[in-house]
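The values are calculated or read from the model by the stated rules, or taken from the named source; none is laboratory data. Quick caveat, the model's predicted, so the values are computed rather than measured. Glycine gets a Cβ as well: all are built from the backbone with ideal geometry, and neighbour counts include every protein chain shown.
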Amino acid sequence: MTRPPTSRDLARLAGVSQATVSRVLTNNPKVNPETRARVLQVLKDANYTPNALARAMKTGRTDTIGVFMTRVTSPFHAELLDEIGRVLSSVGLHMILWNIEHDPEETIADVLHQRLVDGFLLTSATYDSKLHTMALASGTPTVLLHRGIDGLDCDQVVGDNWQGAYDAGRYLVEAGHTDIGLVTLTHTGNTSRDRDLGFRAALTDAGVKIKPSNVVSVGVPHADGHAAARKLLSKRKPPTAIYTVTDLLAFGILDGARAIGANVPDDVWLIGYDNTELAAWESFDLTSVEQPVHAIVQTGIDLLRKRIAEPDRPTEIISLPCPLVIRGSTANTPWASAPRRTS
């Protein structure tokens with residue numbers, strides 16, 4: 001088997017020193033343009049790819065970003081992961097993914113301190129997790145995407161979940177609904193909390209009281225949404241509309257409603273959150289609050305690259321609009337956007 005060319009071989013072929021080859025590989029501006037062109041042509045002819053570890057030792061960079069995620073098979077997280085990979089690739093960066101659902105804490109701690117990557121993207125930060133504090137303590141540039149943590153001195157990019165949920169509540173009230181169901185999650189981070197509180201605030205502002213019996217707290221899976229639909233829609237007087245804090249739960253609610261013979265939207269309106277690709281499928285046709293995945297990822301990666309280049313720059317926390325997308329699960333009723341928060 002023919003061995004790959006070394007930097008010494010390339011220097012000999014180009015008629016320059018190994019140091020000059022190294023300077024070309026690290027894009028050193030001191031190399032004469034004609035010499036640079038000659039070395040680059042030799043590299044191209046030899047189909048030469050520099051060893052990543054050697055490059056990292058010279059530049060201090062791996063051009064690789066570590067991504068921590070959970071529930072990678074859920075519709076929203078699958079779309080988020082695909083967008084992260086696409087945007088990183090577009091700027092010449094690679095990705096290593098760790099599924100924190102299955103990796104023990106000791107493994108994560110080793111990863112954080114091995115300096116395998118130039119930065120971290122955390123997509124599943126929660127108040128009861130040590131991951132974000134461990135990442136920051138490691139000294140590696142870190143950005144939280146999608147889920148934020150109040151009071152954490154770290155770059156964060158999130159959707160405006162409170163306003164998105166508020167708009168969903170206003171929409172239902174303005175359409176005439178007063179008996180409304182809420183399927184929510186146990187709050188472990190800003191995302192689920194704000195999607196709950198914003199919705200409740202809209203109803204309160206409109207003078208609509210949500211019955212405690214119409215609030216169901218569940219887990220994440222589709223099956224939990226299915227069970228919630230059975231519980232709410234089997235009541236003697238079921239709610240005329242249901243809002244839930246994720247599309248995955250909404251899909252479960254829609255299937256649960258069908259299983260007991262309830263029709264969406266004739267018997268009950270339904271709103272989800274995330275506006276995943278599946279929400280637009282004809283079998284779901286789900287009204288949903290859009291999580292701006294592309295903007296969140298693009299902004300987050302831009303912030304991370306700035307943090308890598310300027311470690312001491314001020315922390316930024318960015319919140320992006322989450323518009324309501326109207327589809328058939330709420331009878332496609334037109335709606336003008338509700339007033340947005342001023343504080």
Confirm whether Ile242 is closer than 17 Å to Leu172 by Cα and surrounded by fewer than 23 Cβ atoms within 10 Å (Cβ to Cβ). no
Pull up region 23-35, narrow it to residues that are more than 38 Å from the chain's Cα centre (by Cα) and polar (S, T, N, Q), then point me to the one that is surrounded by the most Cβ atoms within 10 Å (Cβ to Cβ). Thr35
Considering (1) modelled with pLDDT under 70; (2) closer than 30 Å to Met95 by Cβ, say which one Asn28 fails and leave the rest. (1)
List pairs: first residue in region 31-44 and assigned by TED's automatic domain parsing to the domain that holds Ala14, second residue exposed (fewer than 12 other Cβ atoms within 10 Å of the Cβ) anywhere in the structure, Cβ distance under 8 angstrom, at least six positions apart or on different chains. Arg38/Gly15
Subset of region 187-214 [buried (at least 16 other Cβ atoms within 10 Å of the Cβ), over 21 Å from the mean Cα position of the chain (by Cα) and charged (D, E, K, R)]: Arg200
